[in-house]
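The values are calculated or read from the model by the stated rules, or taken from the named source; none is laboratory data. In this text the structure is predicted, and so the values were computed from the model without any measurement. Every residue, glycine as well, gets a Cβ built from its backbone with ideal geometry; the counts of neighbours run over all protein chains shown. Quick note on the areas: whole protein, heavy atoms, side chains included, nothing else; ligands and nucleic acids left out. Shrake-Rupley method; radii C 1.70, N 1.55, O 1.52, S 1.80 Å.
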Amino acid sequence: MATRPSPGERLLGDITQKGYEKKRSKLIRAYFPHPGGMEGMSHRPPFAPPSAARFHRRRSSGTRDERYRSDVHSEAVQAVLARHVESNVAVPMPSKRRSLVVQTSMDAYTPPDSSSGSEEEAGPGNDMPGMEHWMTRPAHLGPAHLGSTSSSSSSTQSGGSGNAGRLADSLAHTHLSHPHLAHAHLTHTHLTQSHHVSAHHSQTHHENHSAPPDVTGYSSDSSHSRPHSERHIGTIARNTQKYGNAERMETGDGVPVSSRVSAKIQQLVNTLKMPRRPPLREFFVDDFEELLEVQQPDPKQPRPEGAEMLAVSGEALGVVTNWPPSLEAALQRWGTISPKAPCLTSLDTTGKPLYVLTYGKLWSRSIKLAYNILHKLGSKQEPMLRPGDRVALVFPNNDPVAFMVAFYGCLLAEVVPVPIEVPLTRKDAGSQQIGFLLGSCGVTVALTSDACHKGLPKSATGEIPQFRGWPKLLWFVTESKHLSKPPRDWFPHIKDANSDTAYIEYKTCKDGSVLGVTVMRIALLTHCQSLTQSCGYTEAETIVNVLDFKKDVGLWHGILTSVMNMMHVISVPYSLMKVNPLSWIQKVYHFKAKVACVKSRDMHWALVAHREQKDISLSSLRMLLVADGSNPWSISSCDAFLNVFQSKGLRSEVICPCASSPEALTVAIRRLEDSSQPPGRGVLSMQGLSYSVVRVDTEERLSVLTVQDVGTVMPGAVVCVVKPEGVPLLCKTDEIGELCVCSVATGTSYYGLTGMTKNTFEVFPVASGGGLVSEYAFVRTGLLGFVGPGGLVFISGKMDGLIMVSGRRHNADDIVATALAVEPMKFVYRGRIAVFSVTVLRDERIVVVAEQRPDSTEEDSFQWMSRVLQAIDSIHGVGVFCLGLVPANTLPKTPLGGIHLSETKQLYLEGGLHPCNVLMCPHTCVTNLPKPRQKQPEIGPASVMVGNLVSGKRIAMASGRDLGQTDDNDQFLFLSEVLQWRSQTTPDHILYTLLSSRGLVSSSLTCLQLHKRAERVAALLLERGGLQEGDHIALVYPPGIDLIAAFYGCLYAGCVPITVRPPHPQNISTTLPTVKMIVEVSRSACVMTTAVICKLLRSKEAVATVDIRNWPPVLDTDDLPKKKPPALYKPCNPDALAYLDFSVSTTGMLAGVQMSHNAVGAFCRSVKLQCELYPSREVAICLDPYCGLGFVLWCLCSVYSGHQSILIPPVELESNPALWLLAVSQLRVRDTFCSYSVMELCTKGLGLQTEALKARGLDLSRVRACVVVAEERPRMSLTHSFSKLFKDLGLHPRSVSTAFGCRVNLAICLQGTSGPDPTTVYVDMRALRHDRVRLVERGSPHSLPLMESGKILPGVRIIIANPETKGPLGDSHLGEIWVHSAHNGSGYYSGYGEEVLQSDHFTSRLSFGDTSTVWARTGYLGFLRRTELTDASGERHDALYVVGALEEAMELRGMRYHPIDIETSVIRTHKNIMECAVFPWTNLLVVVIELEGSEQEALDLVPMVTKAVLEEHYLIVGVVVVTDIGVIPINSRGEKQRMHLRDGFLQDQLDPIYVAYNM
């Protein structure tokens, strides 16, 4: 260890201009494309001549406080980007609707009066009068941020920045000569190919819509997105789908042809295939088998190797004989012996002196104020303020005189001043937290100036309103004219400095909370003494102060220490700096000031505005105090300022950076007498810094940070560096830690917060041996750094800016600097960038938000974003989770115009930022996802089977009760015979009643009427249609009685009916093709319908949509013949086809299921037994009568069981949502059936009308069973909402239940009238992904509630089988539901065509176990659970839980996900998400969301959706599509048609508001 030089020794030393050139050329040599690129430059000198002339060219108007400027850093970033240009990185550009692009036009913005990316203050605005004459600056200006190490070389440090521009130009010309491709990150070959493709696309899509831009080829004519005028489909009714049955044209690998969206997705997939950072190896168990990866320390990571540091002491605090015993005593001394001496000069906005406050005036006015504070507030007996009470000081930044008088008035009155910012509006960013501070300090009085009081927001009565979160305050104006004169005998009591609180300084934390740091009187005095000693202050010196005088360095030097030494302060207000950034230099020259207190941004603005002014000189300055010298990026401003102003008499040793914090006050300051020793600086490796290790960069890489020292420890103080987290252990000499200070001159507590105070103000650092460093407590400063040789303090960042990602520390300021180095002037509005971290999936993730200039184009912004990602990834080795761009001037501001970071973060988390562009990169930066699942072989036939056990688990089997032969009508095999029998035995018994939209009976049918009408229909078929036995007839009827009569007419004629939903008159173009398809696929010989629909089928629109000529004959049944058929058809074979049940599945497949007469009879008997249906019963049905259980209940059950069916067409509810429930109530119905869409319509449409309905007499207390008919998992949230909503109207929650059917068996479960109530279980969602069922308690994390799908119907047997191996499963497994029943369908009718599929679906057998039984496969995943309840037979009840369709389940990362679970998570994320659908595409998860709200809010949803799916499902969303309401197609049963949606998306038919491709 002895031979190794310590880091500090390597930090010091010198670098010549020649050395710098050598280092710089070496740094960027590797990134020049080839020698040819240099030829054109060879005649130029390699660097610009050292002169200040480069600051004189015009600059573009966007600027920033330039804490982050640096040439070498800019060049490093440009070099990194050049390297990326060569690699072919194609990032798909998001698609955006035209209206969204237009909103960011120039007119939308008014130039602000203050803005900047700094936390504190803003840059000079370009909206000030006379700005033009000083705003001159080159396009690539950057004060040099070098590896240079001494001021001797600073005269030549301006070289190089022009070359950064030249380098960028040379790269642009070498690689990207094509005019359209100046920004594309693609190689020529790739571009040329895709260019043709793009041209081809634009032709193919021309006729109906122009597509969003395709980044595979930047063709000049590719429009940005679709203008509103081109949306031809805008005429369609809003609640219908916007696209028809889009036929899927796919290439061999399943990618649709001629689809821009798919091209982009392919591009995204290609990009994601590129090598990423190496995956992690180790895992921790996430309280279950899901394994989240946890970052393990990298064995190669740098570790500290130095010796343990020792505490560093400053020099002794000298005792000067004439130092006053307290600050008030100093004021008294100067106010009485030199009353005419100037104390403070305030300036107006033109720079002219506004008022000169003398020490005499300060003394007399402070006494007057102290008297009034103590005696004129409240009454004599009950004064409002007593010594020790806290008082708010609310003064604007341009009135230092009033503030100074108020501050000293409070000190003399022994009350505690709390200086705060002036609240401008009731809802200022962060003002609520300030109010919390005032409340916790017990502030009741606010001192303010007359002008400020007049400017505060007022209510209508003229009173100052109570600001949000503020306590009630008495506003007290401090101007002399408003105050009473104190009596001659009254005099303030001036004590020596003691441990009473002198003042409270506010501090804003990282999370936005505001704390008050209390400073004691003795600390105040000691701090002034140590500053006087360090800075060598003497009496009557002049000091120019540009800083905020209310807090921090501005307060300590400009208000406190200046009075102790009778100095004259020239206070330069912020408003003057904005108009004339040179004003402070002019004041130094004019007043021959010895000291100036500035920030690096003030130096930078002076550089920007400087123009060979004749009338300025800085030769009088002996000290230029840089208040934010602890910011690593301040070195650039210091170097550049020295470089330019050396010719104006500025000496290098005058620049004195200092480090300070609200808790420890001044930590370190560079001394004047240190000029013999050159200032220390070091080029540190950013990778080392991310591991908290100091490593001087020897490899001359791009990722370095140059830091300068901030001088030595303050007199009378001891400093040590401790580990930032956990026990305060001393760091090693080459380790970065938090600086701690032990001194009298520090804060003592956070007011009123004892716990936080203990952690910050009472720290006892521990050496490695376990012993304490000192018996006295240290204070944590919040500054990160190390102590170099010679006791020089180096700061590398702040605790508040620290972002921990995967065990590495990154500094937010460093990331801001890198983002700004990417074409900073061209794009980011005034350099306003916010960087913060959010926690996603147990790790911090970096979010970058920037304001873009109003004139930037979509392509500019996207290019900038992709370059920023590359730069941050290369330089910091960390991925960015989200990069957002917001319109200029929209980020929340601090009082001085900087970005309010915590409010920005809050807006991001709440979805209130309204970005105009967003790029998420979860694929690149989320590396701790669980391991993809490796599938284990399931139980095979070789496993031991004992009875009903499979390797220790009960086989999942269950059955309904037996179907017994009981009733008279059970003697009939055919439904047509049952109807004939009823027409003879009970001719006048009403079977059907149809209600109109007003709730009145529009028509009804008795048994005889139905029989007679059916006979006439049969006669019509045989006479006019000339049909044969077994012909197929399509029945295209609206829901009603005609449909039922036509159905039985077909049975009487021996034909096979197929019920078809008629086309929608307002939407023929998309609904008629489905009708035609069913007619064709079913091979119907004839179409029967009403006169109205006949006319519709022959209308112009219909003829334009489908070719009417090749339709089968269409029969109109409104005018039936009066005669009977010669004989009614009697089928001879019970297994013959009774009817075809056609429907479109949720996956978009059209399939007809064959139902035999046998199955129909068994089905009706099963439903009759389950629901106890008899002729005396009435049942209300609000379902579509075209397929499934809906059709059976509407048309078949009444004829079989004899009960009366009250028919309510669901379409009528659109005009009268209360129709169904009023009918149920008025007709006193006990059993009713509905669909989810009906239930949703009632819940949404009647939510606010329950009181009105109650008044109308709606009573649901008689309802015994309200069954939702569906082919999906029960929607618990909807059924619960419905039950809850109508509970007050008498609906019993237990009566609401669900039924479950599918294509192969139209009703497997149905909650009957008797039997146990439906049960609910909670399962672990993560186990479900592995096809395992693990029951958990309600409310436990990752729990998913599932409701039983109703009781298993009589005559139905169920088993759960493995869909792949076809083996039976235990009841702890999720598997496919197989069903054996007499009412199974007999097969598909030519819909699928393939025999194999048919036999597989309807006649499957288990691979082992009971291999003889024939089962039908439902295509749904579910599980069985034996409950504690008993059914009618006394057996324990087996409940079936349906989880989701096998076809829709998504296999992602080796696990099985159900779309509904992801959709539920997405809908919960934001109130503006109305509906959501997800589907996979080429291993990417696509999420489509419907936005309720303005299009400007669309992009807020992208990060929220991405985060929610990551956190809850461990899945990365590939594409987020934001659309209008009504785009997600829904079928008549209320089920989402996800595959249909997928086809629409891939064929560019959705007209999305925004499509985000996550990287």
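Please go through the range 535-574 and give me each residue that is touching a Pro at 6+ places or on another chain (Cβ under 6 Å) and among the hydroxyl-bearing types (Ser, Thr, Tyr), ordered by number.
Matches in the range 535-574: Ser571 only.
Please go through the range 1474-1489 and pick out each residue that is open to solvent by 10 Å² or more (accessible area, probe 1.4 Å) and closer than 17 Å to Lys1536 by Cβ.
Met1474, Glu1475, Pro1480, Trp1481
Looking at Ile1044 and the list (1) out of contact with any His (no Cβ under 7 Å at 6 or more places or on another chain); (2) within 30 Å of Ile1528 (Cα to Cα), which single condition is not satisfied?
(2)
Given the structure, is Lys472 closer than 30 Å to Arg601 by Cβ, among the charged types (D, E, K, R), open to solvent by 10 Å² or more (accessible area, probe 1.4 Å) and within 42 Å of the chain's Cα centre (by Cα)? Please lay out each step first, then the result.
On the way: closer than 30 Å to Arg601 by Cβ: no; among the charged types (D, E, K, R): yes; open to solvent by 10 Å² or more (accessible area, probe 1.4 Å): yes; within 42 Å of the chain's Cα centre (by Cα): yes.
Criteria not met by Lys472.
I'd like the full set of residues that are out of contact with any His (no Cβ under 9 Å at 6 or more places or on another chain) and surrounded by fewer than 23 Cβ atoms within 10 Å (Cβ to Cβ), limited to the range 1495-1507.
Glu1495, Lys1507
Would you pick out the residues in the range 848-858 that are of a type outside the set (Val, Ile, Thr), in contact (Cβ under 8 Å) with a residue 40 or more places away in the chain and open to solvent by less than 10 Å² (accessible area, probe 1.4 Å)?
Once the filter is applied, which keeps residues that are of a type outside the set (Val, Ile, Thr), in contact (Cβ under 8 Å) with a residue 40 or more places away in the chain and open to solvent by less than 10 Å² (accessible area, probe 1.4 Å), the range 848-858 yields Glu851, Gln852.
Would you confirm, using the coordinates I've provided, whether Thr448 is over 18 Å from Leu753 (Cβ atoms) and crowded, with 18+ Cβ neighbours inside 10 Å? Break it down stepwise before answering.
Details: over 18 Å from Leu753 (Cβ atoms): yes; crowded, with 18+ Cβ neighbours inside 10 Å: yes.
Criteria met by Thr448.
Look at Val405 and say whether it is touching a strand residue (DSSP E or B) at 6+ places or on another chain (Cβ under 6 Å), of a type in the set (Val, Ile, Thr), buried (at least 17 other Cβ atoms within 10 Å of the Cβ) and farther than 30 Å from Gly912 by Cα.
Judged against the criteria, Val405 is not a match.
Tell me yes or no: at least one residue of the range 756-764 is more than 16 Å from Lys723 (Cα to Cα) and either at pLDDT below 90 or not hydroxyl-bearing (Ser, Thr, Tyr) (or both). Before you say what the answer is, go through the steps one by one.
Residues of the range 756-764 more than 16 Å from Lys723 (Cα to Cα): 756-758.
Then keep just the ones that are either at pLDDT below 90 or not hydroxyl-bearing (Ser, Thr, Tyr) (or both); that gives 756, 758.
Yes, there is a match, as at least one residue in the range 756-764 is more than 16 Å from Lys723 (Cα to Cα) and either at pLDDT below 90 or not hydroxyl-bearing (Ser, Thr, Tyr) (or both).
Of everything in the range 961-996, what is of a type in the set (S, T, N, Q) and either closer than 16 Å to Phe1163 by Cβ or at pLDDT below 90 (or both)? Give them in sequence order. It would help to see each step written out before you state the result.
Let us first name the residues in the range 961-996 that are of a type in the set (S, T, N, Q), namely 965-966, 969, 971, 976, 980, 983-986, 993, 996.
Answer for the range 961-996, where residues must be of a type in the set (S, T, N, Q) and either closer than 16 Å to Phe1163 by Cβ or at pLDDT below 90 (or both): Gln965, Thr966, Asn969, Gln971, Ser976.
Please go through (1) open to solvent by less than 10 Å² (accessible area, probe 1.4 Å); (2) not in a helix (DSSP H, G or I) for Trp605 and return the number of the only condition it doesn't satisfy.
The failed condition is (2).
Only strands (runs of 3 or more DSSP E) wholly contained in the range 460-553 count here; list those with 2 or more residues that are in contact with a Gly (Cβ under 9 Å, 6 or more places away or on another chain) and modelled with pLDDT of 90 or more.
Values: elements: 474-477, 501-508, 514-520, 542-545.
The qualifying strands (runs of 3 or more DSSP E) are 501-508, 514-520, 542-545.
Can you confirm whether the range 1006-1029 contains a residue that is modelled with pLDDT of 75 or more and either of a type in the set (Ser, Thr, Tyr) or within 53 Å of the chain's Cα centre (by Cα) (or both)?
Yes.
Does the range 1178-1198 contain any residue that is open to solvent by less than 20 Å² (accessible area, probe 1.4 Å), without any contact (Cβ under 8 Å) to a residue 40 or more places away in the chain and assigned to a helix (DSSP H, G or I)?
yes
Answer yes or no: is there a residue in the range 623-633 that is without any contact (Cβ under 8 Å) to a residue 60 or more places away in the chain, touching a Leu at 6+ places or on another chain (Cβ under 9 Å) and under 17 Å from Gly711 (Cβ atoms). Steps first, please.
Of the range 623-633, the ones without any contact (Cβ under 8 Å) to a residue 60 or more places away in the chain are 624, 626.
Now drop any that are not touching a Leu at 6+ places or on another chain (Cβ under 9 Å), which leaves 624.
Cutting the leftovers down to under 17 Å from Gly711 (Cβ atoms) gives us 624.
Yes, there is a match, as at least one residue in the range 623-633 is without any contact (Cβ under 8 Å) to a residue 60 or more places away in the chain, touching a Leu at 6+ places or on another chain (Cβ under 9 Å) and under 17 Å from Gly711 (Cβ atoms).
How many of the residues making up the range 709-732 are open to solvent by 10 Å² or more (accessible area, probe 1.4 Å) and touching a helix residue (DSSP H, G or I) at 6+ places or on another chain (Cβ under 7 Å)?
From the range 709-732, those open to solvent by 10 Å² or more (accessible area, probe 1.4 Å) are 712, 716, 718, 723-730, 732; that's our starting set.
Among the residues that remain, those that are also touching a helix residue (DSSP H, G or I) at 6+ places or on another chain (Cβ under 7 Å) are: 712, 716, 724.
Counting residues in the range 709-732 that are open to solvent by 10 Å² or more (accessible area, probe 1.4 Å) and touching a helix residue (DSSP H, G or I) at 6+ places or on another chain (Cβ under 7 Å) gives 3.
Restricting the first residue to the range 1286-1303 and requiring it to be within 15 Å of Cys1242 (Cβ to Cβ) and among the basic types (Lys, Arg), which pairs with a second residue that is open to solvent by 10 Å² or more (accessible area, probe 1.4 Å) and not in a loop (DSSP other than H, G, I, E, B) meet a Cβ separation below 9 Å and a spacing of at least six or different chains?
Sorted first by the residue in the range 1286-1303, then by its partner, the pairs are Lys1287/Pro1293.
Whether any residue in the range 1343-1350 is within 32 Å of the chain's Cα centre (by Cα) and either farther than 30 Å from Val1229 by Cβ or small (Gly, Ala, Ser) (or both) is what I want to check. Please lay out each step first, then the result.
Taking the range 1343-1350 and keeping what is within 32 Å of the chain's Cα centre (by Cα), we get 1343-1347.
With either farther than 30 Å from Val1229 by Cβ or small (Gly, Ala, Ser) (or both) added as a condition, the list becomes 1343-1344.
There is at least one residue in the range 1343-1350 that is within 32 Å of the chain's Cα centre (by Cα) and either farther than 30 Å from Val1229 by Cβ or small (Gly, Ala, Ser) (or both).
Name the pairs: first residue in the range 308-326 and closer than 26 Å to Val693 by Cβ, second residue basic (Lys, Arg), Cβ to Cβ under 6 Å, at least 6 apart or on different chains?
Glu308/Lys732
Could you identify the single residue in Leu1421, Leu1346, Leu1406, Leu1353 that is in contact with a helix residue (DSSP H, G or I) (Cβ under 7 Å, 6 or more places away or on another chain), at pLDDT 90 or above and surrounded by 19 or more Cβ atoms within 10 Å (Cβ to Cβ)?
Numbers: Leu1421 fails: in contact with a helix residue (DSSP H, G or I) (Cβ under 7 Å, 6 or more places away or on another chain); Leu1346 fails: in contact with a helix residue (DSSP H, G or I) (Cβ under 7 Å, 6 or more places away or on another chain); Leu1406 fails: in contact with a helix residue (DSSP H, G or I) (Cβ under 7 Å, 6 or more places away or on another chain).
After applying the criteria, what remains is Leu1353.
From the list Val1103, Val1092, which one is more than 19 Å from Leu1035 (Cβ to Cβ) and either assigned to a strand (DSSP E or B) or β-branched (Val, Ile, Thr) (or both)? Walk me through how you get there before you give the answer.
Details: Val1092 fails: more than 19 Å from Leu1035 (Cβ to Cβ).
Going through Val1103, Val1092 in turn, the sole match is Val1103.
Could you check Ser634 against (1) crowded, with 22+ Cβ neighbours inside 10 Å; (2) under 17 Å from Leu802 (Cβ atoms) and say which number it fails?
The failed condition is (2).
Please tell me if Ala1477 is closer than 30 Å to Pro1063 by Cα, part of a strand (DSSP E or B) and not acidic (Asp, Glu). Walk me through it before giving the result.
Working: closer than 30 Å to Pro1063 by Cα: yes; part of a strand (DSSP E or B): yes; not acidic (Asp, Glu): yes.
Spelling it out, Ala1477 is indeed closer than 30 Å to Pro1063 by Cα, part of a strand (DSSP E or B) and not acidic (Asp, Glu).
What single numbered condition from (1) basic (Lys, Arg); (2) under 13 Å from the mean Cα position of the chain (by Cα); (3) open to solvent by 10 Å² or more (accessible area, probe 1.4 Å) fails to hold for Arg845?
(3)
When residues of the range 1121-1169 are filtered for being over 57 Å from the mean Cα position of the chain (by Cα) and buried (at least 19 other Cβ atoms within 10 Å of the Cβ), how many remain? I'd like the intermediate steps shown before the answer.
The first filter runs over the range 1121-1169 and keeps only residues over 57 Å from the mean Cα position of the chain (by Cα), leaving 1121-1136.
Subsequent filtering for residues that are buried (at least 19 other Cβ atoms within 10 Å of the Cβ) retains 1125, 1131.
The number of residues fulfilling the criteria is 2.
Which one is surrounded by the fewest Cβ atoms within 10 Å (Cβ to Cβ) among residues in the range 562-575 that are part of a helix (DSSP H, G or I) and under 48 Å from the mean Cα position of the chain (by Cα)?
Step one: list which residues in the range 562-575 are part of a helix (DSSP H, G or I), which gives 562-564, 574-575.
Subset that is under 48 Å from the mean Cα position of the chain (by Cα): 574-575.
Details: Tyr574: 18, Ser575: 16.
Once the filter is applied, the top-ranked residue is Ser575.
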